[in-house]
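So the structure is just underneath, and the comments pick up after that.
The values are calculated or read from the model by the stated rules, or taken from the named source; none is laboratory data. For clarity, every value in this text was computed on a predicted model and none was experimentally measured. Backbone-built Cβ (ideal geometry, glycine too); neighbour counts: all protein chains shown. Note: accessible area is taken over every heavy atom of the protein model, side chains too, but ligands, DNA and RNA are not part of it. Shrake-Rupley method; radii C 1.70, N 1.55, O 1.52, S 1.80 Å.
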Amino acid sequence: MFPPCRRGRPGERVPRFPQSARCEPPRPGQSAVVSGTSAEEKTEEKTEHRPAERDATRAGGEDHKADRRTRITVLVALAANLVIAAAKAVGGLLAGSPALLSEAAHSVADSLNEVFLLAALRRSRRPADTRHPFGYGKERFFWSLLAAVGIFVMGGCFSFFQGFEALRSGTEEKFSGYVAGLIVLGVALLAEGASLFRALHQVYRQGGSLGSMRDPALRTVVAEDGTAVLGVTLAIAGMALHMATGQVVWEASASLAIGVLLVYVAYRLGCDARDQLIGEAADPELSGRIRALLEEEHEIDSVEALFTMKMGLDSTLVAARIDFVPGLDSERVEEAAVRIKRSLAEAVPEADQIFLDVTDRPAGEARESPAATGERGGA
């Protein structure tokens, strides 16, 4: 139980908390918070924990390398989509193909989204400041949300429009138009496949799988390129069936199918970005590990509550409401809180924002605590 601060009697020395980690008497219904690092503690960290600092620096360098690789992947996808969009638009206008024009809209949407992702990569690594003390890591999620909206509006809606327009007007194509359209789609399939291969290669180099990609920029590129390959395949099938049967319904159906595919991908990407922006908790495995590490500390009687939130790609906020074992004086509470935060940061590098909230248990509850009842050793 956390003791209230008091003034010392004449001749008595009362430990004083530093400004960044002071104790204040909790009001009724409130709890005391111990957080921050004093100047002495910072000096101690510099002299005794240099290996941890080197590990953090090394991890930061690896993150920047991963960002550079992701930037190259996005630039490759952007170049491919710009060339493909122009080719599809020209081919679609010459051939009068709704499926080809739908694919042109898809490529334009993807090109705009790559611009959004480049902005996300640049802005998310800005250091924290007074206006944004937790940094700019969530910029990635915001721009990924804009990319999802772009896929939905520019890609999906235009594809639906082209499909319904083809069914209404019954567009007819010449044989030369079929040939030109199929050639354009074949080249697009190769380019989109090369871009997808580049993105998947980066995922493989980072040791991850498609289901565990943390970087929203890389996840968006993989989703866009995979959707583009499938969309081009649908367009080729629709155009080939239109040429073989003379029925425009096949090509219109392909355009509608591309629209459904784009809307679904936009919905999934949008949901992921929304969860991150709202404030998604860390993975259950990581939260369980943090709780276990706290419960192993002999000064902690119990972990009353644990809250986590992803602040960026490699940044997690941890706020724990803990109860210390009975009998700790204010100086030992301060020392234990600082040591616990330091050891937790070393064990979980992504937990770069740690706050400990010391509960103020009533006397009756304190007598029933694990330490008081002998389940854990008290002070």
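Does the range 140-158 contain at least one residue that is among the aromatic types (F, W, Y), farther than 19 Å from R274 by Cβ and in a helix (DSSP H, G or I)?
Restricting attention to the range 140-158, the residues satisfying the condition of being among the aromatic types (F, W, Y) are 141-143, 152, 158.
Subsequent filtering for residues that are farther than 19 Å from R274 by Cβ retains 158.
Pick out the ones that are also in a helix (DSSP H, G or I) and you get 158.
Yes, because at least one residue in the range 140-158 is among the aromatic types (F, W, Y), farther than 19 Å from R274 by Cβ and in a helix (DSSP H, G or I).
All but one of (1) in contact (Cβ under 8 Å) with a residue 24 or more places away in the chain; (2) open to solvent by 20 Å² or more (accessible area, probe 1.4 Å); (3) charged (D, E, K, R) hold for E295; state the number of the condition that does not hold.
With (1) in contact (Cβ under 8 Å) with a residue 24 or more places away in the chain; (2) open to solvent by 20 Å² or more (accessible area, probe 1.4 Å); (3) charged (D, E, K, R) applied to E295, the lone miss is (1).
Output the qualifying pairs, or none if there are none: Cβ atoms under 6 angstrom, residues six or more apart or on different chains, first residue in the range 339-358 and more than 15 Å from E296 (Cα to Cα), second residue among the acidic types (D, E).
E350/D314
From the list D314, D360, D352, which residue is more than 30 Å from F142 (Cα to Cα), open to solvent by 10 Å² or more (accessible area, probe 1.4 Å) and modelled with pLDDT under 90?
Testing whether each residue is more than 30 Å from F142 (Cα to Cα), open to solvent by 10 Å² or more (accessible area, probe 1.4 Å) and modelled with pLDDT under 90 leaves just D360.
If a residue must be touching a strand residue (DSSP E or B) at 6+ places or on another chain (Cβ under 8 Å) and on the phi < 0 side of the Ramachandran plot, how many such residues does the range 263-305 contain?
17
When you check R274 against the structure, is it within 24 Å of V222 (Cβ to Cβ) and not in a loop (DSSP other than H, G, I, E, B), yes or no?
yes
Please indicate, with yes or no, whether at least one residue in the range 99-113 is in a helix (DSSP H, G or I), open to solvent by 20 Å² or more (accessible area, probe 1.4 Å) and under 17 Å from I258 (Cα atoms). I'd like the intermediate steps shown before the answer.
Quick first cut of the range 99-113, residues in a helix (DSSP H, G or I) only: 99-113.
Next cut, open to solvent by 20 Å² or more (accessible area, probe 1.4 Å) only: 101, 108, 112.
The next check asks that each one be under 17 Å from I258 (Cα atoms); those that pass are 101, 108.
Yes, the range 99-113 contains a residue that is in a helix (DSSP H, G or I), open to solvent by 20 Å² or more (accessible area, probe 1.4 Å) and under 17 Å from I258 (Cα atoms).
Across the range 249-275, what is the total count of residues that are β-branched (V, I, T) and surrounded by 20 or more Cβ atoms within 10 Å (Cβ to Cβ)?
Selection size over the range 249-275: 2.
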